[in-house]
Each structure stands twice: as structure tokens, then as C-alpha cells.
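Here's the structure we're looking at; comments come further down.
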Amino acid sequence: MTRAPFHIVVAACLAVAASASLRPASSQTAAPAAAATLNYEFFKTKVQPVFLAKRPGHARCVVCHTFNNAPFKVVPLSPGATTWNEEQSQRNFELVKRVAMPGFLESKLLTHPLAEEAGGDAHHGGAQQFASKEDPMWLTLRAFVMGEAVK
């Protein structure tokens, strides 16, 4: 029996480990939602209002995410505007793709603003905007990410 040189075995093991760690956890336990897509119209009419909404005890997402240095940004509103125009919405849609992986519940758009107790992560400087996965606004974000947003 011929054995492969040690460095080749190690390289192969590292390659397998790296590819496994890059896959979202849900893809290892459930069938990926390959058909999930991010719907622009749903984003424009339902998701962007979440970024503008004022929730008691929290700043609106737009307040920090127009100037912060985080992966998720939105473009600033035009002076005097209460929502984004078409060009700005299209830019926001492109920007949100950085944190919304179609079909994956682990997308940062879902986990970052969600309370840790509800499955969110601990690293959101703006505190957890959503106390539970039952919050209607969080459910809107979830529908968008999971491709259920064609309503």
C-alpha cells in the first residue's frame, strides 16, 4: 500500500476543512434554498420602510447606517425627503446584498439586529432592534432574505 506524502494529506485535509467552514450551517443540515432570490420591489416597498421605522428605545437603522463603517450601509436620504427615490433605492438594494444571502437564515441582515436570546449575534453597536423572531419587522426582513417576498 502506497501512502501519500504527509504534506499532501495535510493540504487535502485543510482544503476540506476550509470548504466546510465557508458553507452556512443551514446548508449542512437542510437543503439550501437555491431558488431563493432577493426581490427588488419587495425590498423597495417593505424592507426599506423597516430601515426608516422608529422603534421605542432604538435609533432608526438609517440614522447609523448612512455613515457608519460597517458592511451594511444605505444611502442618505435627500434633504427634506422621508424615503428614498428610485435611484437611491436601487443603490440600497445593491448595498443590502452584502448582508443578505438569499435563502440563508444566518444572513447578517437577520442575525445582526436580532436579540442574542432570540438567536442573534452580539456585535451590533446599535443594540438589538428586534427582541424576537416574531417581530413583524424582523419577519419582513426574513421574508425578503428567504425569497418569500413575492406578496
### Query
For Val47, Val63, Val96, what's the fewest-to-most ordering of other Cβ within 10 Å of each Cβ?
Val63, Val96, Val47
### Net charge over other residues, Cβ less than 15 angstrom from the Cβ of Leu77 (K, R count +1; D, E count -1)
+3
### Message
Between Thr45 and Leu95, what is 0.36 nm times their sequence separation minus the Cα-Cα distance? Round to one decimal in nm.
### Response
16.4 nm
## Note on the structure
Within the range 51-130, DSSP-loop trypsin sites (Lys or Arg not before Pro) with at most 15 other C-beta atoms within 10 Å are Lys54, Arg60, Lys97, Arg98
### Summary
Total charge of the residues flanking Lys108 in space, meaning their Cβ is under 14 Å from its Cβ, with Lys and Arg +1 and Asp and Glu -1, is +2
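Where a number appears in this text, it was derived from the coordinates with a stated rule and is not lab data. The structure displayed is predicted, hence computed values, not measured ones. Backbone-built Cβ (ideal geometry, glycine too); neighbour counts: all protein chains shown.
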